[in-house]
Every structure is written in structure tokens, then in C-alpha cells.
Amino acid sequence: MASGGGENNTQVYPPSSASQNGAYVTSMQQYKEMHKQSIEDPASFWSKIIEDFGFHFETPPNRDKFLEYNFDVTKGPIDIKWMQGAKTNVCYNVLDRNVKNGLGDNIAFYWEGNDPGDHSTITYGQLLKEVCKFSNVLKSLGVKKGDRVAIYMPMIVELVVAMLACARIGAMHSIVFGGFSADSLAGRMLDAKSAVLITADGVYRGAKLVDLKKISDDAVDVCKTKGFDVSTMVVVRHLGSKSVDNGAEVNSPTPKRPCYSLSTNMVSGRDRWWHEIMEGVSDQCDTEWLDAEDPLFMLYTSGSTGTPKGVVHTQAGYLLYAATTFKYVFDYHPGDIYWCTADVGWITGHSYVVYGPMASGATSVMFEGVPTYPDEGRCWDIVDKYKVNSIYTAPTLIRTLMKYGDAPIKKYSRKSLRVLGTVGEPINPEAWLFYYHKIGDGRSPIVDTFWQTETGGHTMTPLPGATPLKPGSCTFPFFGIEPAVVNDKGEELEGVCEGYLVFKKPWPGVMRTVYGNHPRYEGTYFKQFPGYYKTGDGCRRDEDGYYWITGRMDDMFNVSGHLLSTAEIESALIEHPKVAEAAAVAYPHKTKGECCYSFVTLIEGAEFNETLISELRSHVRTKIGPFAAAEVVHNAPGLPKTRSGKIMRRVLRKIAKNDHDLGDVSTMADSSVVDVLFANRPDVNV
Ligand code: WTA
């Protein structure tokens with residue numbers, strides 16, 4: 001990808017007239033004008049956005065104090081304030097406002113369970129009542145404005161209820177993805193001092209049963225050993241587990257999904273069933289009016305030092321940014337059906353399952369299960385069932401689906417699809433073309449959205465009705481984003497170049513601090529290049545001004561003086577018809593300094609042999625250059641991945657070196673792949 005070249009990579013895909021028809025932005029000219037205004041006059045630009053959405057402010061923003069900031073560590077502490085002094089509430093804006101505008105009977109979520117046939121719906125009106133009830137519950141538990149509430153839940157509607165109830169009363173939610181271990185959950189609760197935890201009895205992910213309550217119990221025990229007491233655990237009876245109260249079985253209402261193999265131990269005095277604690281509670285709850293810069297939530301993201309960082313987002317700026325990116329990037333219009341496959345436990349779920357779509361009064365699909373269960377056609381079954389117009393997913397899913405070929409896709413019509421979105425890592429042109437041609441039948445634009453937990457919403461992205469697409473490029477900045485490419489001395493590069501991607505000004509959705517550790521915030525994002533926000537990603541700008549993310553700068557390596565990104569090599573490897581997935585890491589080399597050690601997962605039925613290895617090597621050489629030879633090729637039936645699908649290159653680097661000391665692997669989805677990789681390790685002599 002970063003290398004460009006190749007006949008497929010150079011083709012440009014202009015927006016079709018169908019994509020332009022009725023779109024909010026229909027030309028590059030219009031995009032450029034809007035972008036210019038967003039940079040030069042943010043107060044006017046975002047005030048107009050507030051007006052277009054009809055967002056409610058109890059005290060409106062002061063135009064003269066719309067944005068105040070210091071982005072330069074050498075001049076003082078980093079400080080970003082949007083609309084400070086204005087009063088609003090995000091829950092009010094995504095629920096009450098929509099209901100007041102007559103959308104009460106509109107479906108907010110089509111909930112689709114793990115097993116086909118298990119589904120339900122909830123309207124905006126119903127959701128508001130549930131949220132008010134749970135807000136009252138939280139208050140009765142002593143939760144106050146500014147408190148941190150931990151949420152460790154599956155993809156169920158109660159998760160949305162819990163987070164919006166926090167938002168309503170001004171408590172910060174701290175959602176921990178339901179795939180993290182007890183230790184990770186405990187670490188996050190300890191850091192945030194979350195005395196209340198909301199969880200569920202359990203969840204099925206595909207055929208696998210996850211005992212969330214047991215993991216929560218273990219996490220609470222870990223907290224206790226570190227001197228911190230979790231006072232209350234609220235448990236949703238999602239699977240209908242057998243209920244045990246301190247060892248004695250108690251009567252439970254008839255469960256919807258009986259799962260008697262799971263037994264839930266409720267500790268009296270600490271644990272409360274959600275359905276019991278909600279009984280008889282009022283469905284009216286006043287809104288807490290909050291300052292625009294009060295915190296809305298925190299969400300942990302991994303840090304290069306190993307301990308996760310609690311990324312803090314605030315009220316009004318985050319709302320504006322999530323809402324605006326959602327509306328323009330997916331070109332969402334009333335009546336459209338939208339589906340983001342991400343778990344709410346990640347930022348993508350926060351911004352594009354919950355806050356962004358709900359700010360538009362959108363109707364979304366919320367999916368509990370896994371995309372390949374019960375079979376590889378599940379996604380398209382869901383798309384046809386709900387007539388989904390825009391789907392938002394990750395390259396890893398697309399590459400997984402590529403392994404199974406066209407048949408599971410062609411079985412379904414998918415004709416409702418209009419916009420295809422991708423996020424999470426650079427999408428290699430192979431996967432892009434598969435997404436575009438096979439899944440979208442060549443009809444729908446792909447919005448390759450580059451952003452981060454820290455940015456709150458999309459920062460670099462095409463707009464469906466305006467941007468001519470290049471496969472593998474996230475194209476141009478979103479409104480409010482002023483990107484630059486700098487070299488390692490922090491000097492801005494002009495024209496065609498490659499270096500570090502940085503942003504020159506704050507946008508409304510940028511994180512405001514690391515929870516409890518402002519110096520870490522300044523050190524990570526603002527120190528290396530004073531005056532800029534450092535994304536940590538490498539990037540290339542081509543002759544047409546398109547931006548191409550080349551991967552994390554920490555995944556860069558230098559072969560005989562040539563700076564390479566792992567993503568470039570991976571992209572080349574994946575182009576081979578027998579390769580389903582590839583990951584490359586740097587490996588010490590006697591003469592070149594470093595060389596490329598690559599792991600390849602083959603498509604079903606393909607054989608790993610010397611012929612294939614030499615084909616792959618020569619392909620990488622021709623694609624990128626002789627210096628980029630894939631020196632070592634390792635047969636990888638599976639790759640170590642985080643539960644959100646990111647390849648764990650840190651682990652691969654260890655495997656490459658035959659180092660069994662892997663460090664913390666608690667975030668790995670399936671650790672059995674590691675043993676296979678060690679067993680398959682080739683002899684290396686470079
Ligand atoms: C990577 C996910 C290339 C990037 C929203 C970033 C991408 C990190 C893209 C943030 C993309 C995300 N193209 N790379 N479209 N989207 N990334 O915090 O390395 O989980 O810094 O946020 O994912 O990951 P995070």
C-alpha cells in the first residue's frame with residue numbers, strides 16, 4: 001500500500017452518481033470549502049453544526065470563548081477547552097431530544113443475538129424510560145456526578161442503558177471489553193477507583209460460553225487484595241443462569257435463554273440482579289446539566305509502556321464530533337439502517353454504535369455474536385434480514401472472510417448496502433478490492449476511516465458522495481482536522497513525502513487527558529513534536545495529496561537504510577492468491593541491520609512449501625524493491641490477535657526470536673496459536 005504501484009493500486013474510484021445523489025457533500029469543491037471553514041473559523045463551523053442537529057444546550061456556548069487551548073508543551077501545560085461554560089447533557093441530546101422531536105416510536109436498535117432467531121427491538125421512547133430507571137438505580141446506589149462506573153458487559157441493550165444512565169447523571173462510564181481477563185478488569189477498576197461494577201451472568205460468543213460474573217468476581221477479589229473494595233455489582237441475567245445466593249440455590253424467574261450449566265453466585269450485600277433492582281423504580285429522572293468540559297467517559301487503551309491509559313473524553317466536544325463524523329462519513333439519512341460490527345467495549349462501539357448514531361436518531365443493528373457463527377455467511381444474513389444500508393467493520397474481518405471465498409457472500413443479496421466502512425488498521429488493497437467488488441458488488445464506496453481511541457471520532461476519511469477513492473488510502477482530513485507530515489526532527493514536510501502523521505490544532509473530539517496522569521498525556525502525544533498532536537502512525541502523502549497510513553511508527557524497520565513499514569510488506573504478501581493473512585516483523589540481520597520476518601496464513605487447502613516461499617519472496621521484491629525481501633517466511637495457521645482483532649506483533653517478534661518469555665498475553669483472543677507457531681518455527685540463518 002504505502003509503496004503504491006501495481007495496476008490495482010493506481011486506479012481511482014470516483015463517487016458514483018448514486019452515491020452523490022442526495023448526499024450531504026456531493027463534490028470535492030464543497031468538501032474543501034467546508035474543511036477550510038472548519039479550520040479557519042471553528043466557532044462558526046461548529047455553531048452551524050449545533051444548529052443543524054438542533055442540539056440542546058441549557059446554557060448556549062459563548063461564541064467568543066468557543067475554543068481555548070494550548071497545544072504546545074514548551075509554552076505550558078496542554079489544555080484544550082471547547083465551549084467551556086456552556087451547559088448540556090449528552091444523554092438528553094441522544095434520547096430526550098429525539099423523543100421530543102417525535103422519534104419516540106422509531107427503533108433505536110435491532111438487537112441480534114448470538115444465535116440466529118434470538119432477536120429483539122427497542123425504540124427511542126422505550127430506551128429513554130429504561131435509562132431513566134437505571135439512572136435512578138445508580139443514584140440509589142450512591143453514584144454521583146464525577147464517579148467512575150465500571151461496565152463489563154456483552155453486546156446487549158442493557159449495556160447501552162447503563163452507559164447512557166451514567167451520562168444522564170454525570171458519572172463517567174469506564175467500559176472494559178467483555179473479553180478482557182479478571183486481572184485486566186481489576187487493573188482498570190483500580191486505576192479508575194470504580195466502586196460500582198455492572199456486568200452480566202454470561203454470554204455466548206459463537207459456541208463458546210464466557211462466564212462474565214465469575215471473571216467479575218475474580219476481578220473484585222484482585223481489587224480487594226490491593227486494598228480497594230468494590231461496593232456493588234449489578235448483574236444482568238442475560239443467559240438465565242442458575243442463581244445461587246452465597247452457596248444456596250434461589251428461585252429465579254423463568255429465563256429467556258436457559259443456561260443451567262452456568263451457576264451465578266450472588267454475594268449478598270454486594271451483588272444485585274438488574275431485573276430486581278429495576279423493579280418498581282420510576283421511569284422519570286431529571287437531567288444533570290453539565291459543563292461542556294465535564295468528563296463524559298474514560299476508556300482504556302494500550303500504551304507502549306505496557307500499562308493502559310485511561311483516555312478521557314468530555315461532553316459537548318465529543319458529542320459534536322461523534323455526531324458529525326457519523327452523519328457525514330456514513331452519509332446517514334433518516335430511515336437508513338446502519339450496522340457497526342464493533343463491540344461497544346472499544347472506542348468504535350462508543351462513537352459508532354452508541355453516541356454518533358443516536359445523536360442522529362438513527363436505527364442501528366446491535367450484534368451480540370461473532371461474524372462467522374453459525375457459519376461464514378452470518379454477516380450477509382444479518383444485512384439481508386435488516387436491509388442494512390451501511391456497514392462498518394475492520395480489515396481483519398474482511399481478510400477472514402476472504403479465506404472462505406465468494407460462496408458464503410453470493411448466497412445473500414446484500415443489495416441494500418450503500419456505504420462500506422473500515423477501521424482499525426491499514427486496509428491492504430487486496431482486502432479493499434474484495435470488500436468493494438465481492439461484498440459491495442462494485443456499487444458502494446468504501447470509507448477507510450483512520451482514527452484512534454484518543455481522537456474520539458474519524459480524523460482522516462473519505463466522504464461517500466465526494467471523495468474519489470484510492471484502495472488503501474484514508475484519503476483526506478475530516479472537518480476540523482489539520483494534518484501534517486513531519487520528519488523525526490519535527491520538521492514539516494511538503495508535497496510528496498513520508499514521515500510521522502501529526503495534527504496541528506485541536507478538534508472537538510480530541511481526548512483531554514489521561515485519567516489521573518496529565519503528564520503521561522503530554523508526554524505521549526505532545527512532547528516529541530512540540531506544537532503538534534502526535535498520532536504515532538507513519539504516513540505517506542502522494543502526488544495527489546492523498547494520505548496513506550503506513551502503520552504504527554513502532555512497527556517501522558530499517559533494512560539497509562531503507563525505512564519500511566510492516567504494513568507494506570504484509571500488503572504485498574497478501575496479494576498472493578494462496579495467502580489469507582500475513583504479518584511482518586523486524587528481525588536482526590547480520591549485514592542489513594534488520595530484515596523482514598513474515599508470518600503467513602494460507603487459504604484453506606493451500607500447501608506451504610519451498611515453491612510458495614520463493615514465490616512470496618520474489619513477489620515482495622518486485623512489489624516494493626529488492627531490499628524488502630521477505631527473508632524468513634513462517635507458516636502460521638493462526639496469528640496471535642487481541643480480541644478486537646489486532647495482530648499482536650510484539651508476540652510475533654518474540655516467536656521470531658524463539659523467545660518463550662512472551663510477557664502479558666491477557667488480551668490475546670486465542671493463545672493456542674502461539675504453541676503452533678513455536679512448533680512450526682523454521683531454521684533461521686540470516
Ligand atoms: C490504527 C481504533 C490505518 C492506527 C479506532 C491507529 C488505522 C490505531 C486505521 C488506533 C485506518 C485505525 N488505517 N490504520 N483506517 N484505523 N488504525 O485506538 O494505527 O483501537 O493509531 O482506535 O489503529 O487504534 P484504536
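The values are calculated or read from the model by the stated rules, or taken from the named source; none is laboratory data. All figures in this text were calculated on a predicted structure; none of them were measured in a lab. Because the Cβ atoms are built from the backbone with ideal geometry, glycine has one as well, and the counts that use them run over all protein chains shown. Side chains included, ligands, DNA and RNA excluded: accessible areas come from the protein's heavy atoms. Shrake-Rupley method; radii C 1.70, N 1.55, O 1.52, S 1.80 Å.
On inspection, A582 qualifies as touching a helix residue (DSSP H, G or I) at 6+ places or on another chain (Cβ under 6 Å) and at pLDDT 90 or above.
Cβ-Cβ distances below 6 Å connect the following pairs, each with a first residue in the range 662-673 that is in contact (Cβ under 8 Å) with a residue 60 or more places away in the chain, a second residue that is open to solvent by less than 50 Å² (accessible area, probe 1.4 Å), and a separation of six or more residues or different chains: S666/S181; S666/S184; T667/T642; A669/K641. Check whether at least one residue in the range 26-36 is free of Cβ contacts under 8 Å to residues at least 12 places away in the same chain and either under 30 Å from K208 (Cα atoms) or within 28 Å of the chain's Cα centre (by Cα) (or both), and report yes or no. Yes, the range 26-36 contains at least one residue that is free of Cβ contacts under 8 Å to residues at least 12 places away in the same chain and either under 30 Å from K208 (Cα atoms) or within 28 Å of the chain's Cα centre (by Cα) (or both). The residues of the range 354-376 that are within 16 Å of the ligand (Cβ to nearest atom) and without any contact (Cβ under 8 Å) to a residue 60 or more places away in the chain amount to a single one, P357. In the range 617-624, is there at least one residue being closer than 21 Å to T400 by Cβ, of a type outside the set (F, W, Y) and crowded, with 17+ Cβ neighbours inside 10 Å? Within the range 617-624 (the criterion being closer than 21 Å to T400 by Cβ, of a type outside the set (F, W, Y) and crowded, with 17+ Cβ neighbours inside 10 Å), the answer is no, since none of the residues qualifies. Right, P508: away from the ligand (no atom under 15 Å from the Cβ), part of a loop (DSSP other than H, G, I, E, B), touching a strand residue (DSSP E or B) at 6+ places or on another chain (Cβ under 6 Å) and at pLDDT 95 or above or not? Yes, satisfied.
Here the range 541-560 is the region considered, the condition is being at pLDDT below 95 and within 15 Å of the ligand (Cβ to nearest atom), and the residue that is surrounded by the most Cβ atoms within 10 Å (Cβ to Cβ) is T550. Annotation note: of G349, G356, G361, G345, the sole residue that is at pLDDT below 95 and closer than 21 Å to Y318 by Cα is G345. If the condition is being out of contact with any strand residue (DSSP E or B) (no Cβ under 7 Å at 6 or more places or on another chain), of a type outside the set (D, E, K, R) and either more than 13 Å from the ligand (Cβ to nearest atom) or part of a helix (DSSP H, G or I) (or both), then the range 417-454 contributes P429, A431, L433, F434, H437, G442.
In the range 455-475, of all residues being in a strand (DSSP E or B) and more than 8 Å from the ligand (Cβ to nearest atom), the one that is farthest from I391 (Cα to Cα) corresponds to T475.
Residue count for the range 610-654 under the criterion of being in a helix (DSSP H, G or I), out of contact with any strand residue (DSSP E or B) (no Cβ under 7 Å at 6 or more places or on another chain) and not β-branched (V, I, T): the result is 11. Being in contact with a Leu (Cβ under 8 Å, 6 or more places away or on another chain), over 23 Å from Y152 (Cβ atoms) and in contact (Cβ under 8 Å) with a residue 60 or more places away in the chain is a property that does not hold for R418. For the range 517-530, the criterion of being open to solvent by 30 Å² or more (accessible area, probe 1.4 Å), within 15 Å of the ligand (Cβ to nearest atom), modelled with pLDDT under 90 and outside any strand (DSSP E or B) is satisfied by no residue at all. Residues in the range 349-379 that are open to solvent by 10 Å² or more (accessible area, probe 1.4 Å), of a type in the set (S, T, Y) and within 24 Å of L103 (Cβ to Cβ): S360, T363. The condition of being buried (at least 21 other Cβ atoms within 10 Å of the Cβ), among the aliphatic types (A, V, I, L, M) and within 16 Å of the ligand (Cβ to nearest atom) holds for only one of V674, V585, V632, that being V585.
Can you report the number of residues in the range 327-351 which are touching a helix residue (DSSP H, G or I) at 6+ places or on another chain (Cβ under 6 Å), of a type outside the set (D, E) and within 16 Å of the ligand (Cβ to nearest atom)? Total satisfying the criteria: 5.
Looking across the range 193-219 at every residue that is of a type in the set (A, V, I, L, M) and surrounded by fewer than 21 Cβ atoms within 10 Å (Cβ to Cβ), the one that is modelled with the highest pLDDT is identified as A195.
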